[in-house]
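Asker: Can you keep this structure in mind? I'll have questions shortly.
The values are calculated or read from the model by the stated rules, or taken from the named source; none is laboratory data. This structure is a prediction, so every number in the text was calculated from the model and none was measured. Ideal geometry is used to build each Cβ from the backbone, glycine not excepted, and the neighbour counts take in all protein chains shown.
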Amino acid sequence: MQKLIRSHNALLQGSPIRTLLPQPAAAGDVIFVMDLDEPARKVWLDCLLKALDEVQLPLATCEEIWSSLETLSVPMLKTDGNLRQPPRYSYQWMLSRARHPAMGMCRR
């Protein structure tokens with residue numbers, strides 16, 4: 001799990017949302033960023049997907065971790081009084097999107 005967290009943190013530090021990250025982030029902490037808009041949340045989730053791919057855990061384990069952290073990403077969104085339910089992304093949907101030749105992200 002520590003390898004996954006380190007990978008996710010490193011990917012976030014190199015991502016377009018790096019300026020939104022808490023500074024400094026402890027090496028072993030999962031980074032949760034508050035007040036994200038939906039595009040920034042997708043970046044956070046894309047980094048998680050790449051990190052899961054890098055650590056090469058069993059598929060069932062990846063799905064379980066994804067389900068928990070994708071759910072926890074919802075409260076990170078800005079609400080601005082908007083009570084609309086944000087889009088939800090299953091691990092399989094994100095993985096199929098990442099496998100698309102135009103995306104060129106994941107090995108699975």
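Condition check ((1) over 20 Å from residue 12 (Cα atoms); (2) touching a Phe, Trp or Tyr at 6+ places or on another chain (Cβ under 9 Å); (3) modelled with pLDDT of 85 or more) across all residues:
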{"position": "71", "(1), (2), (3)": "no, no, yes"}
{"position": "76", "(1), (2), (3)": "no, yes, yes"}
{"position": "80", "(1), (2), (3)": "yes, no, no"}
{"position": "83", "(1), (2), (3)": "yes, no, no"}
{"position": "86", "(1), (2), (3)": "yes, no, yes"}
{"position": "91", "(1), (2), (3)": "no, yes, yes"}
{"position": "99", "(1), (2), (3)": "yes, no, no"}
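Asker: Same structure again: Are any residues in region 2-44 out of contact with any helix residue (DSSP H, G or I) (no Cβ under 7 Å at 6 or more places or on another chain), closer than 22 Å to residue 86 by Cα and at pLDDT below 85, and if so, which ones?
Answerer: 35
Asker: Taking the residues in region 32-73 that are among the β-branched types (Val, Ile, Thr) and either without any contact (Cβ under 8 Å) to a residue 40 or more places away in the chain or exposed (fewer than 12 other Cβ atoms within 10 Å of the Cβ) (or both) as candidates, determine which candidate is nearest to residue 17 (Cα to Cα).
Answerer: The residue in question is 43.
Asker: Same structure again: Taking region 28-39 as the search range and keeping residues that are farther than 10 Å from residue 76 by Cα and not β-branched (Val, Ile, Thr), which one is nearest to the chain's Cα centre (by Cα)?
Answerer: 39
Asker: When region 74-91 is examined, which residues are found to be buried (at least 16 other Cβ atoms within 10 Å of the Cβ) and either free of Cβ contacts under 8 Å to residues at least 40 places away in the same chain or not hydrophobic (A, V, I, L, M, F, W, C) (or both)?
Answerer: Selection gives 89, 91.
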